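What follows is calculated from the coordinates using simple rules that are stated; it is not laboratory data. Note that the coordinates shown come from a computational prediction; the quantities given were computed from them, not determined experimentally.
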Amino acid sequence: EQLAATKAGRSHLRRRGCYAVLRELHAWEKEPEVLDACLKLIQVLIGDEPEAGMENLLEVAIPEEVEKRLRELDREEEEEERRRKERREEPGTERGRGDVAARSPR
């Protein structure tokens, strides 16, 4: 995350082919937290570079109302992830049962 915060860091990641690795990871990864982090980093890497003076994303001033909305979205995302985990751990669900039927292709 920190490496992608600066223009130099993002350039380094692009030169090293990080996007291709992330794209492949995203294609087979099953864990929602990893998928979310992967998507966010991909968006940073493929997005347009910020305008002059905003190259370090950690130093960009975010308007209070935007920051509040982003925090709300984060909370909603965390809550959705918690519900997904609970569903996966419930007895009788595919991951919760651990039987052959849960592992066979559909």
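The mean sequence separation of alpha-carbon pairs under 8 Å and at least six residues apart, normalised by the residue count of region 1-58, gives a relative contact order of 51 percent. For region 30-46, 3J(HN,Hα) computed residue by residue from phi via the Karplus equation (6.51, -1.76, 1.60; θ = phi - 60°) reads 10, 6, x, 5, 5, 4, 4, 4, 4, 4, 5, 5, 4, 4, 5, 6, 8 Hz, glycine and proline entered as x. Candidate cross-link partners of residue 30 among the lysines, defined by an alpha-carbon separation under 18 Å and a same-chain spacing of 8 or more, comprise 40, 85. Relative to the current alpha-carbon distance between residue 68 and residue 3, full extension at 0.36 nm per residue lengthens the span by 20.9 nm.
Scanning residues 5 or more positions from residue 6 or on other chains, those with amide H under 5 Å from its amide H are 57, with H placed 1.01 Å from N in the peptide plane.
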